[in-house]
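Enquirer: Okay, here's the structure, questions in a sec.
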Amino acid sequence: MITTVQQHILQQQQEISEASGTFSWLLSGITLATKMVEAKIRTAGLNDVLGAMGQTNVQGEQQQKLDVYANQALLHCLGLRDSVAALVSEEDEEPVTFDRSVESGKYIIVFDPLDGSSNIDVNVNVGTIFSVLRRLPSADAGLQASILQPGYAQVAAGYVVYGPSTVLVYTTGHGVHAFTLDPTIGAYVLTKEHMKMPQQGSYYSVNESNAAAWPEEFREYVALLRAGALGRQYSSRYIGSLVADFHRTLLKGGVFLYPPTREQPGGKLRLLYEANPLAFIAEQADGMASTGKGRILDIKPHGIHQRTPFVVGSKREVEALLYGQGK
Ligand code: AHG
Ligand code: MN
Ligand code: MN
């Protein structure tokens, strides 16, 4: 018999002592929005969703039509959930806040509505990434303090990768679980429970065109992997959609890294809606996620769009960067 993601979340709810129903109703807003995005992606060439909007977003990046569509789908589906106090999106400069009491508006949802935008028009995997934070009880804390919590405070995190099949992966802090969208019934069906990242992999994933601009320790590290210093030969895989590169790393092990560069000394990837949710999942799957110096989930955010260097993957590879391969 199948287990849908809604059933799975309800079972999980007992473990995370969330008000029964509220949390699963909240996540159903996310899964509904991703099904809307998935439907658009499946017929992208036939509808008017490819190409650029002809405007830039707060990141200064060309917004793709699908970025805007995905963002609107999530804002619409989640805005209707009265347990949501605020929505933070890569595509919006400021959080969208709702005037709800501390009792009802209990959650903050942070998301990258469409990850891998540069790959939409060439029919390569893209994704959606989300992170759920609990609103801080002290009302005077205001929403800003609730939004800028370190990643270890996340209540849930997940992503959907729109690929040959559409796969949702999520954690509420009790393991990592994967679901495949069954288009014949329109439901995400459980396919893997308690996923664990291999302790070591044989892929490294990085945009090597930036190598000359990385700090020296990252150049040495990638050279180490290439030289087989960790006891095995590595292959390079780089899809350019973080969600797809991460999903492969979760399943096969190895390491994904986006080091600092001269023009982006703080890294390119965003802490709140890219690094934190994936770091939560990685650690729940016995992997690691680091800036190259410290744990991603320990970073105290100062801005909703702040960026961070990001190294995520199997313990063996991440520790080799942190502590040197021989130590
Ligand atoms: P987004 O499409 O949400 O802006 O994210 C793009 C990110 C991430 O998906 C990917 O890992 C990275 O940009 C690729 O950057 P480069 O093209 O600089 O390698
Ligand atoms: Mn992204
Ligand atoms: Mn995006």
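Enquirer: If the only charges are +1 at each Lys and Arg Cβ and -1 at each Asp and Glu Cβ, what is the size of the charge dipole of the range 64-220 around the Cα centre, to the nearest 20 debye?
Expert: Working: 9 positive and 19 negative charges, 131 e Å.
Magnitude of the dipole: close to 640 debye.
Enquirer: Across the range 207-327, how large is the tail of the calculated P(r) beyond 23 Å, expressed as a percent of all Cα pairs? Walk me through the intermediate numbers first.
Expert: On the way: 1679 of 7260 pairs.
For the range 207-327, the share of Cα pairs beyond 23 Å comes to 23 percent.
Enquirer: Moving to a separate point now. Taking only DSSP H segments of four or more residues, each worth -39500 (n - 2.57), what value at 222 nm results for the chain once the sum is divided by all its residues, to the nearest 500 deg cm²/dmol? Don't skip to the end; give the middle numbers.
Expert: Values: 8 runs with 94 residues, N = 327.
That comes out to -9000 deg cm²/dmol.
Enquirer: Also, quick follow-up: Taking only the alpha-carbon atoms of the range 1-106, what semi-axes of the equivalent ellipsoid follow from 5 times the gyration tensor eigenvalues under a square root, in whole Å, largest first? Working shown, then result.
Expert: Working: eigenvalues 170, 80, 16 Å².
Listed largest to smallest, the semi-axes of the range 1-106 are 29, 20, 9 Å.
Enquirer: Here is a further query. Which three extents, in whole angstrom, do the alpha-carbon atoms of the chain cover along their principal axes, largest first?
Expert: That works out to 54, 48, 45 Å along the principal axes.
Enquirer: Among DSSP beta bridges lying fully in the range 88-133, give the percent that are antiparallel, nearest 5. Don't skip to the end; give the middle numbers.
Expert: On the way: 6 of 8 bridges.
Here the share of antiparallel DSSP bridges comes out near 75 percent.
Enquirer: How large is ³J(HN,Hα), in whole Hz, for each residue of the range 100-106 in order, when computed from phi with the Karplus curve 6.51 cos²θ - 1.76 cosθ + 1.60 and θ = phi - 60°, using x for Gly and Pro?
Expert: Values, residue by residue: 10, 5, 4, 5, 8, x, 9 Hz.
Enquirer: Here is a further query. Order of 116-122, 162-168, 240-246 by packing, highest average Cβ count within 10 Å first?
Expert: On the way: 116-122: 17.3, 162-168: 19.3, 240-246: 25.0.
Going from most to least packed, we get 240-246, 162-168, 116-122.
Enquirer: Would you please put 266-278, 62-74 in order of how densely packed they are, using the mean number of other Cβ atoms within 10 angstrom per residue and starting with the highest? Don't jump to the answer; show the numbers that get you there.
Expert: Details: 266-278: 24.9, 62-74: 21.8.
Final packing ranking: 266-278, 62-74.
Enquirer: Cα centroid distance between the range 1-78 and the range 181-241, in Å?
Expert: About 25 Å separates the Cα centre of the range 1-78 from the one of the range 181-241.
Enquirer: Quick check: from the Cα gyration tensor, does the range 44-139 come out rounded (a/c under 1.5), prolate or oblate? Provide the component values of the computation, followed by the final result.
Expert: Working: a/c = 2.63, a/b = 2.38, b/c = 1.10.
Prolate.
Enquirer: Moving on. Taking the chain as the reference, fit the longest principal axis to its C-alpha atoms, fit the long axis of helix 22-42 to the helix C-alpha atoms, and give the angle between the two in degrees, 0 to 90, nearest 10.
Expert: Compared with the principal axis, the helix lies near 70 degrees.
Enquirer: So, one more: Show me the three semi-axes of the equivalent ellipsoid for the range 5-192, from the C-alpha gyration tensor (sqrt of 5 times each eigenvalue), largest first, rounded to whole Å.
Expert: On the way: eigenvalues 145, 91, 33 Å².
They are 27, 21, 13 Å, listed largest first.
Enquirer: Compute the helix-to-body angle for 242-252: its Cα long axis versus the longest principal axis of the chain, expressed 0 to 90° and rounded to tens.
Expert: So the helix axis and the longest Cα principal axis differ by about 70 degrees.
Enquirer: Let me ask another. Along the charge dipole of the range 203-323, pointing to its positive end and built from +1/-1 on Cβ of Lys, Arg, Asp and Glu, which listed residue (291, 249, 229) has its Cα farthest out?
Expert: Selected residue: 249.
Enquirer: In Å, what is the Rg of the alpha-carbon atoms in the range 143-275, and how long is Dmax?
Expert: When restricted to Cα atoms, the range 143-275 yields Rg and Dmax of 17.1, 51 Å.
Enquirer: Just going by the charge dipole of the range 1-92, with Lys and Arg at +1 and Asp and Glu at -1 on Cβ, which of 2, 58, 69 is farthest out on the positive end?
Expert: It is 2, whose Cα lies furthest towards the positive end.
Enquirer: Taking Cα atoms, how many degrees apart are the long axis of helix 5-16 and the longest axis of the chain, rounded to 10 and kept between 0 and 90?
Expert: 90 degrees
Values quoted throughout were computed directly from the atomic coordinates according to the rules given, and no laboratory measurement underlies them. Source: prediction; values computed, not measured. Positions of Cβ are generated from backbone atoms using ideal geometry, with glycine treated the same way; all protein chains shown enter the neighbour counts.
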